[in-house]
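Here the structure is laid out as structure tokens; the discussion comes afterwards.
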Amino acid sequence: MLYSGQGYQANCAERGIGMVNLSKSKYCALWQCPKMLWLRKYKPELAEVDSHTLSIMETGNAVGDLAMRLFGDFTEVTVYTDGEIDLPAMMRRTQEEIAKDTPVICEASFEWNGLYCAVDILRREGDGWAIYEVKSSTSDDKAVYIADVAYQKFVLEHCGVKVTGTYLVVLNRDYIFDGTLDLQKLFKVTDVGLAVAFEQDNVAINTRIAEEVLKSPDEPGDDLSIHCNKPYPCAFWKYCSRHVPSPSVFDLYRLPFKKKIAYYQQGMAGFDKLLHCPDITGDKQLRQIEYALADKGTYLDKPAIRDFLRLLRYPLYFLDFETIQPAVPQYVGTRPYTQIPFQYSLHYIESEGGALQHKEFLAQPGTDPRRALAEQLCADIPFGVCTTAYNKQFECGRIRELAALYPDLAPHLLNIESNIVDLLIPFQSGYYYNRAMGGSFSIKSVLPAIFPDDPALDYHNLEGVHNGSEAMSIFPKMKDMPPEEQAKARHDLLKYCELDTFAMVKVRQALCEAAE
């Protein structure tokens, strides 16, 4: 990609300005949006990095470390001085290893005219060196990956290194772990030489764009565009969209981001502009706009809610799973990023007017949780009872996977799955709408909209674990925690998952009251 916004190309090419410090990650930020690059330098505190993003970064580091072993013995040149990465020392070590013809150099570091990069894997190939860029994704067709490799090739060639090949290393989505990790099968290596060659001419111009952006004291004037969400959602979105009215087109239910941007660019950001737009025809979208503008409270389709509630029968169970998705498979029969359930919460009521009861399961850290969870689930949910889940597709998918894995438990598991009713239906179908839900019907949006002042239902009041991403991140780390820390993590996980099903109980209660 050659960024064309703000007339940067002509200015930079004409002025021929020199370089400033630019890493490959900053180059990729520039590739997505010059304003992102500027904000990373001058206003980094405005970036919103959530637990999900941090988890992705941790996964990337772990996959990168594992990939170093892909070609056998290797030499890593990473150097820390006083706890900080020592780039000059890494570059010196890189030159020493190149001089020794070391076959595989990891984190090989180079700098030319202020442009810096560390190559994940630099491998001796013929009379030159091949660049291997490692990604924790299972996809090798993202344009930003090509821009990343093209930048590295540009830097290395200006440092006098003959680059004989450029490759992407990603996780192989078809690899099935059999108990012994096979790196040759786990990773998929793709020759991206042709795509890099097409991108190469853009690097010189883009680095000049970066020079102008980074040296300017003035924030670039780039407006919101499709680049704000492509190829990745931007961490500066909240800052850059602060001028947009609230609610806005960006809050509209199930409208693709590309269309949201198109409406915004046509001056139709506010709901007042969208109310009579002929392209907005969905009932739920129109209701969302109407209730926001008129400051209406709650919309109820009582007959439809009553019909839904007739699907629920006693004894009534409320189920929620938590899962991990290891990038590198850990359990036999799994692939990269397979969903592995490790925990569930189960509230239940035996009969109308009966007491609310609770059961739960949390696997032992460091073990394959699936068999123990499946057995306990069959013990906790009787054959033939009605179970609810919120967005049941997720729970049903995990149960079907467990049934395929354990044929002896399959009849009971599939019976549970076939009797699950989705508590999402009344909200997703538009039977119950509160303007505070905005454009989302997830339980994290529905719950505070219905119960805005109940601290017992506020996920922010939990300790340690507040969302699924945090649960997914904490559980794998528990096996390495000291006993006290592990006990605290276990308590936090149980309380979080318990609130998920208690929330379902309360939501169902609110539906019953609404139907009266």
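The values are calculated or read from the model by the stated rules, or taken from the named source; none is laboratory data. None of the values given here were measured: they were computed from a predicted structure. A quick note on method: Cβ atoms are made from the backbone with ideal geometry, for glycine too, and the neighbour counts reach across all protein chains shown. Just so you know, the surface numbers come from the protein's heavy atoms only, side chains and all, with ligands and any DNA or RNA stripped out. Shrake-Rupley method; radii C 1.70, N 1.55, O 1.52, S 1.80 Å.
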Exercise for the section: Residues being open to solvent by 70 Å² or more (accessible area, probe 1.4 Å) and touching a residue at least 60 places away in the same chain (Cβ under 8 Å): count how many of those fall in region 351-369. Expected result: 2
Exercise for the section: Give region 31-86 a look and list any residue that's exposed (fewer than 12 other Cβ atoms within 10 Å of the Cβ) and more than 26 Å from the chain's Cα centre (by Cα), or say none. Expected result: Gly72, Asp73, Tyr80, Thr81, Asp82, Gly83, Glu84
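Kindly evaluate Pro341 against the criterion of being under 20 Å from the mean Cα position of the chain (by Cα) and over 24 Å from Asn467 (Cβ atoms). Talk me through it step by step, then tell me what you get.
Values: under 20 Å from the mean Cα position of the chain (by Cα): yes; over 24 Å from Asn467 (Cβ atoms): no.
The answer is no for Pro341.
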Handout entry: Flag if Gly468 is at positive phi and of a type in the set (Gly, Ala, Ser)
Key = no
Fill in the blank from the handout: Residues of region 379-401 being assigned to a helix (DSSP H, G or I) and either small (Gly, Ala, Ser) or open to solvent by less than 20 Å² (accessible area, probe 1.4 Å) (or both), in sequence order, are Ala379, Asp380, Glu395, Cys396, Gly397, Ile399
Fill in the blank from the handout: Going through region 19-47 in order, the residues found to be at pLDDT 90 or above and assigned to a loop (DSSP other than H, G, I, E, B) are Ser23, Cys33, Lys43, Ala47
Handout entry: Unique match (being over 24 Å from the mean Cα position of the chain (by Cα), assigned to a helix (DSSP H, G or I), within 29 Å of Gln339 (Cβ to Cβ) and of a type outside the set (Asp, Glu)) among Gln184, Gln152, Gln200
Key = Gln184
Completion exercise
Restricting region 232-247 to residues that are under 15 Å from Leu37 (Cβ atoms) and in a loop (DSSP other than H, G, I, E, B), the one least open to solvent (accessible area, probe 1.4 Å) turns out to be Phe236
Problem - Pairs, first open to solvent by 70 Å² or more (accessible area, probe 1.4 Å) and modelled with pLDDT under 95 in region 251-268, second of a type in the set (D, E, K, R) and part of a helix (DSSP H, G or I), C-beta under 9 Å, six or more apart - result: Arg254/Lys284; Gln266/Lys273
Problem - Given (1) open to solvent by 30 Å² or more (accessible area, probe 1.4 Å); (2) under 30 Å from Asp368 (Cβ atoms); (3) hydrophobic (A, V, I, L, M, F, W, C), number of the condition Ala195 does not satisfy - result: (2)
Practice task
Answer with yes or no whether Asn11 is part of a helix (DSSP H, G or I), at pLDDT below 95, farther than 28 Å from Lys477 by Cα and open to solvent by 20 Å² or more (accessible area, probe 1.4 Å).
Solution key: yes
Completion exercise
Matching residues in region 402-432 (closer than 21 Å to Met504 by Cβ, open to solvent by 20 Å² or more (accessible area, probe 1.4 Å) and in a loop (DSSP other than H, G, I, E, B)) number 3
Practice task
Could you tell me whether region 213-227 includes any residue that is part of a helix (DSSP H, G or I), small (Gly, Ala, Ser), modelled with pLDDT under 95 and out of contact with any strand residue (DSSP E or B) (no Cβ under 6 Å at 6 or more places or on another chain)?
Solution key: no
Practice task
Could you tell me whether region 146-165 includes any residue that is open to solvent by 80 Å² or more (accessible area, probe 1.4 Å) and among the small types (Gly, Ala, Ser)?
Solution key: no
Fill in the blank from the handout: The correct count of residues that are of a type in the set (A, V, I, L, M, F, W, C), within 15 Å of Ala503 (Cα to Cα) and in a loop (DSSP other than H, G, I, E, B) in region 433-477 is 3
Completion exercise
Scanning region 63-88 residue by residue, the ones that are at pLDDT 95 or above and assigned to a helix (DSSP H, G or I) total 5
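Does region 324-347 hold any residues that are among the hydroxyl-bearing types (Ser, Thr, Tyr) and either within 17 Å of Thr367 (Cβ to Cβ) or part of a strand (DSSP E or B) (or both), and which are they?
Going residue by residue through region 324-347, those that are among the hydroxyl-bearing types (Ser, Thr, Tyr) are 331, 334, 337-338, 344-345.
The answer is Tyr331, Thr334, Thr338, Tyr344, Ser345.
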Practice task
Taking the residues in region 471-505 that are open to solvent by 40 Å² or more (accessible area, probe 1.4 Å) and within 16 Å of Asp320 (Cα to Cα) as candidates, determine which candidate is modelled with the lowest pLDDT.
Solution key: Met472
Practice task
Would you check if Ile121 is open to solvent by 10 Å² or more (accessible area, probe 1.4 Å), touching a strand residue (DSSP E or B) at 6+ places or on another chain (Cβ under 9 Å), under 25 Å from His158 (Cα atoms) and in contact (Cβ under 8 Å) with a residue 40 or more places away in the chain?
Solution key: no
Exercise for the section: May I ask you to verify whether Val170 is of a type in the set (A, V, I, L, M, F, W, C), assigned to a strand (DSSP E or B) and surrounded by 13 or more Cβ atoms within 10 Å (Cβ to Cβ)? Expected result: yes
Handout entry: Residues within region 297-350 that are open to solvent by 20 Å² or more (accessible area, probe 1.4 Å), β-branched (Val, Ile, Thr) and in contact with a helix residue (DSSP H, G or I) (Cβ under 7 Å, 6 or more places away or on another chain), tallied
Key = 1
Completion exercise
(1) closer than 18 Å to Leu319 by Cβ; (2) not in a helix (DSSP H, G or I) all hold for Asp500 apart from (2)
